[in-house]
Amino acid sequence: MRDELVALAKLAEMDLAAWEFDSELKELPERIDGMRDDAQVLENLLAGERQQLEAAEALLSERRSELELRKSALTKARAKGAQSRNFKQVDAAEREVEATRRAIKEREDEIASLELTIEGKTESLAERERQLGEAKEMLATEQAAAEVRLAELRKQRDKVLAGRDEVKDRISVRTMKRYERQRSIKGKGVVVIEDGTCCNCRMSLPAQLYIEVQKGEESIDCPQCRILLLYRGVVEV
């Protein structure tokens with residue numbers, strides 16, 4: 001049993017060292033994914049703004065064509081008024097001229113508003129393209145650095161876990177299940193104690209239980225947090 005407890009302490013030490021690498025191995029890809037998502041958001045915004053700009057430019061072209069037609073209609077209305085032979089015809093021609101002038105004014109106002117809108121959207125689009133370019137450049141730089149760092153972390157992790165299977169083989173299946181269950185919950189499966197206090201939950205162990213842990217004749221759980229307890233004097237001899 002003592003050999004199993006020593007192996008369990010060694011396994012916990014290896015897993016703790018690997019866990020420190022695991023945290024960064026998880027965080028680095030997540031950070032790169034976050035940067036990639038941010039770049040995609042900018043890309044989507046840029047595509048939407050391009051569509052809006054294209055729609056505004058198409059509408060502006062349409063309104064300019066309509067304005068030319070209105071101006072042509074005004075010229076014809078004025079000519080019609082000049083050719084009028086009686087008051088009724090003159091009055092009708094003047095009303096047509098006035099209505100056409102109002103329509104022209106409305107189109108000119110709308111065109112002016114569209115031109116301002118297009119100018120603003122063009123500036124916004126240029127700024128968004130600049131932001132996207134910077135985001136992509138930063139993403140490429142960070143991704144390249146992350147790949148180097150991840151390769152280094154994996155190498156270091158493999159190094160600290162070298163021989164883990166051999167250590168694991170010295171531990172019973174039942175104890176391994178208890179260890180892995182606690183590790184999945186708490187991040188660690190055992191604690192090595194030096195006095196009568198659990199290092200995980202800070203509970204003061206009952207005197208008899210502490211004596212049993214010191215003997216190192218069996219694997220014992222903390223009554224409160226259920227983590228496996230190992231006595232330093234047992235596992236470091």
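The values are calculated or read from the model by the stated rules, or taken from the named source; none is laboratory data. Source: prediction; values computed, not measured. A quick note on method: Cβ atoms are made from the backbone with ideal geometry, for glycine too, and the neighbour counts reach across all protein chains shown.
Tell me which residues, restricted to the stretch 164-190, are without any contact (Cβ under 8 Å) to a residue 24 or more places away in the chain and either over 15 Å from Asp22 (Cα atoms) or surrounded by 13 or more Cβ atoms within 10 Å (Cβ to Cβ) (or both).
Of everything in the stretch 164-190, those that are without any contact (Cβ under 8 Å) to a residue 24 or more places away in the chain and either over 15 Å from Asp22 (Cα atoms) or surrounded by 13 or more Cβ atoms within 10 Å (Cβ to Cβ) (or both) turn out to be Asp165, Glu166, Asp169, Val173, Arg174, Met176, Lys177, Glu180, Arg181, Ile185.
Among the numbered criteria (1) out of contact with any strand residue (DSSP E or B) (no Cβ under 6 Å at 6 or more places or on another chain); (2) within 30 Å of Val191 (Cα to Cα), which single criterion is violated by Ala9?
(1)
Take the residues in the stretch 1-27 that are basic (Lys, Arg) and modelled with pLDDT of 90 or more, then tell me which one is farthest from Arg174 (Cα to Cα).
Lys26
Yes/no per residue for (1) in a helix (DSSP H, G or I); (2) surrounded by fewer than 15 Cβ atoms within 10 Å (Cβ to Cβ); (3) over 60 Å from the mean Cα position of the chain (by Cα); (4) not assigned by TED's automatic domain parsing to the domain that holds Val41:
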{"site": "Thr75", "(1), (2), (3), (4)": "yes, yes, yes, no"}
{"site": "Ala103", "(1), (2), (3), (4)": "yes, no, no, no"}
{"site": "Asp109", "(1), (2), (3), (4)": "yes, yes, no, no"}
{"site": "Leu114", "(1), (2), (3), (4)": "yes, no, no, no"}
{"site": "Arg130", "(1), (2), (3), (4)": "yes, yes, no, no"}
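Scan the stretch 83-97 and give yes if some residue there is at pLDDT below 90, part of a helix (DSSP H, G or I) and hydroxyl-bearing (Ser, Thr, Tyr), otherwise no.
Among the residues of the stretch 83-97, not one is at pLDDT below 90, part of a helix (DSSP H, G or I) and hydroxyl-bearing (Ser, Thr, Tyr), which makes the answer no.
Give me the helices (runs of 4 or more DSSP H) completely within the stretch 145-233, filtered to those with at least 3 residues that are in contact with a Ser or Thr (Cβ under 8 Å, 6 or more places away or on another chain) and assigned by TED's automatic domain parsing to the domain that holds Glu24, ordered by residue number.
Filter on the stretch 145-233 gives an empty set.
In the list Lys71, Lys26, Lys80, which residue meets the criterion of being closer than 30 Å to Ala162 by Cβ, assigned by TED's automatic domain parsing to the domain that holds Ala151 and in a helix (DSSP H, G or I)?
Unique residue meeting the criteria: Lys26.
Before we move on, is Arg36 in a helix (DSSP H, G or I) and either over 30 Å from Arg157 (Cβ atoms) or of a type in the set (A, V, I, L, M) (or both)?
No; evaluated as a whole, the condition is false for this residue.
From the residues in the stretch 152-186 that are polar (S, T, N, Q) and at pLDDT below 95, which one is farthest from Ile220 (Cα to Cα)?
Ser184
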